[in-house]
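The block underneath contains the structure these notes are about, expressed in structure tokens.
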Amino acid sequence: MTQLVLKAFKYRIYPTKEQTSFLDRNFGAVRYIWNQFVASFNHNLIGPCLPQDEKFIKDLPGKEFLTEVISYGLQQKRMDWVEFKKQFFSKKRAVKLGRPKFKKKGVSNDSFKIPGQCLKFNSCINFETSRIKLPKMSPIKLVIDRKFSGLLKSVTVSKNKANQYFVSVLVEEPIELKQNTGRSIGIDLGLKDLLICSTGMKISNPRWFRKTQTKLKITQRAFSKKVKDSSRYKQMKLKVARLYLKVTNQRKFIYDNLSTWLVNNYDTIIMESLKVKNMIKNRKLSKSIQDASWSTLIGMVSYKSNWYGKTFHQIDTWFPSSKTCSCCGHKLESLDLSIREWTCPSCNTKHDRDLNASVNILYKGLDDLYSLTSAELADYRCRESVNPKVEIPKVDSLKRLVSFIDFYKTA
Ligand SMILES: [Zn+2]
């Protein structure tokens with residue numbers, strides 16, 4: 001079985017000096033349009049006396065410089081704005097959108113998007129000569145690390161804070177559903193270990209990942225001591241941006257691999273739902289929580305499960321996963337965060353705090369999904385009894401991470 005999904009492919013581009021300045025002008029024009037919309041919107045909220053947004057673009061002062069850039073990018077921005085307004089006033093949304101914000105040069109991320117039909121779909125990228133053709137520009141050199149075959153939907157050109165340019169190509173591709181394995185897994189997300197699985201496996205932060213994080217901390221401290229706008233300041237700013245990028249890329253690499261491994265090996269994946277905002281209020285833990293950025297992982301597992309026909313479920317935040325005994329169901333009154341191991345007063349089972357929680361998450365999830373009766377659950381408990389003696393793989397190097405994922409693919 002196959003299904004059509006939207007996939008994004010990101011390529012690094014190397015524009016010439018001339019092309020760079022043209023792209024920068026495009027970013028500027030798109031930012032200008034957006035800010036005009038926001039200004040008019042803020043004004044409108046006070047008194048409804050300004051022209052309609054949709055026609056607004058024609059009445060803008062200094063229209064000449066807008067005609068020099070790629071018009072599709074501006075049109076797309078206008079469409080984005082119309083969509084934003086629709087969402088802003090929508091009464092169906094569970095979470096209300098905040099007021100629109102102005103984009104500031106050098107602070108906001110620079111990008112503009114061109115719809116696929118304006119680029120004659122797949123004909124804008126030439127894989128043989130490694131060039132991408134955008135309107136009003138000579139072909140730009142790009143690095144092709146992988147090819148796509150599906151229908152091109154849109155191209156987004158962007159620039160990051162380390163002054164690197166990218167194109168992100170959205171493609172509609174058919175993909176094969178993954179084979180069923182008949183296995184389910186419950187996952188507890190931790191701080192010391194990234195994941196604690198109900199199978200008894202713990203996956204820790206790789207060492208090379210921590211190393212870059214420490215480096216970032218040191219560089220940031222040095223950066224804060226520089227005189228603002230001096231040449232050293234600018235140098236340091238770029239250095240910090242590059243390190244940030246590295247951490248983000250490393251995190252993405254780990255999460256991408258882990259999430260693929262999960263959907264390859266399990267049919268049902270169960271996690272907690274996080275209230276990250278509430279947790280960050282707890283100052284002691286906040287830094288590490290943001291570092292772990294679990295929501296990235298949850299997002300990846302969620303969309304990959306969707307793609308490959310697997311089930312992803314998140315249990316209620318308030319479910320007492322740590323305090324409940326996974327063997328007999330006895331619930332403790334309270335369990336302090338510092339206690340890592342405890343013994344159940346009812347059935348005398350020794351528990352590892354996180355492992356016990358992940359097993360409970362699995363049971364609760366299975367109960368939510370398939371509403372198991374207590375007898376069935378007890379049966380399930382006997383069959384998939386946890387063995388904490390399972391050898392725990394250490395993911396501490398790039399090579400090891402890859403080999404670890406490979407090992408479990410065949411397991
Ligand atoms: Zn017990």
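The values are calculated or read from the model by the stated rules, or taken from the named source; none is laboratory data. Everything quoted here is computed from the prediction, not taken from an experiment. All Cβ positions, even for glycine, are placed from backbone atoms using ideal geometry, and neighbour counts span all protein chains on display. The area values use the complete protein model at the heavy-atom level, side chains included, leaving out ligands, DNA and RNA. Shrake-Rupley method; radii C 1.70, N 1.55, O 1.52, S 1.80 Å.
Quick one, can you get me the convex hull of the C-alpha atoms of region 134-197 expressed as volume per residue in Å³?
Each residue corresponds to 194 Å³ of Cα convex hull volume.
Taking θ as phi - 60°, what are the ³J(HN,Hα) couplings along region 108-123 by the Karplus curve (6.51, -1.76, 1.60), each to the nearest whole Hz, with x for Gly and Pro?
Listing the rounded values in order: 6, 6, 8, 6, 9, 10, 10, x, x, 5, 6, 10, 6, 6, 6, 7 Hz.
Mind grabbing the accessible area of R78 for me, 1.4 Å probe, Å², rounded to tens?
Rounded to the nearest 10, that gives 80 Å².
Using the alpha-carbon centroid of each, what span in Å lies between region 162-235 and region 322-357?
Comparing the Cα centres of region 162-235 and region 322-357, I get a distance of 31 Å.
Out of residues 5 or more away from S204 or on other chains, whose amide H comes under 5 Å of its own, with H placed 1.01 Å from N in the peptide plane?
Close amide H contacts, sequence-distant or interchain: L194, V395.
As a test of reading the structure, rank R340, R93 by solvent-accessible area (1.4 Å probe, protein chains only), most first.
In descending accessible area the options line up as R340, R93.
Two-decimal Rg/Rh of region 186-245 from alpha-carbon positions, Kirkwood Rh?
My calculation of the ratio gives 1.26.
Using θ = phi - 60° and the Karplus curve 6.51 cos²θ - 1.76 cosθ + 1.60, what whole-Hz ³J(HN,Hα) does each residue of region 298-305 get, with Gly and Pro shown as x?
So the Karplus estimates, Gly and Pro as x, are 4, x, 5, 4, 5, 6, 5, 4 Hz.
How do 299-310, 356-367 rank on mean C-beta neighbours within 10 Å, highest first?
356-367, 299-310
Can you give the FRET efficiency to the nearest 0.05 for Y14 and L332, using r as the Cβ-Cβ distance and R₀ = 60 Å?
With R0 = 60 Å, the Cβ-Cβ based efficiency is 0.50.
Please compute, for the alpha-carbon atoms of region 161-218, the extent along each of the three principal axes and give them in descending order in Å.
Rounded to whole Å, the extents work out to 46, 38, 15 Å.
Apply the Karplus parameterisation 6.51 cos²θ - 1.76 cosθ + 1.60, with θ equal to phi minus 60°, to every residue of region 137-146 and state each ³J(HN,Hα) to the nearest whole Hz, in sequence, with x for glycine and proline.
For region 137-146, the Karplus curve yields 9, 6, x, 9, 6, 9, 9, 9, 9, 7 Hz.
For a paramagnetic label modelled at 7 Å from the Cα of L4 toward its Cβ, which residues of region 108-148 fall within the zone defined by backbone nitrogen distances under 17 Å?
Only 116-118, 121-122 pass the distance filter.
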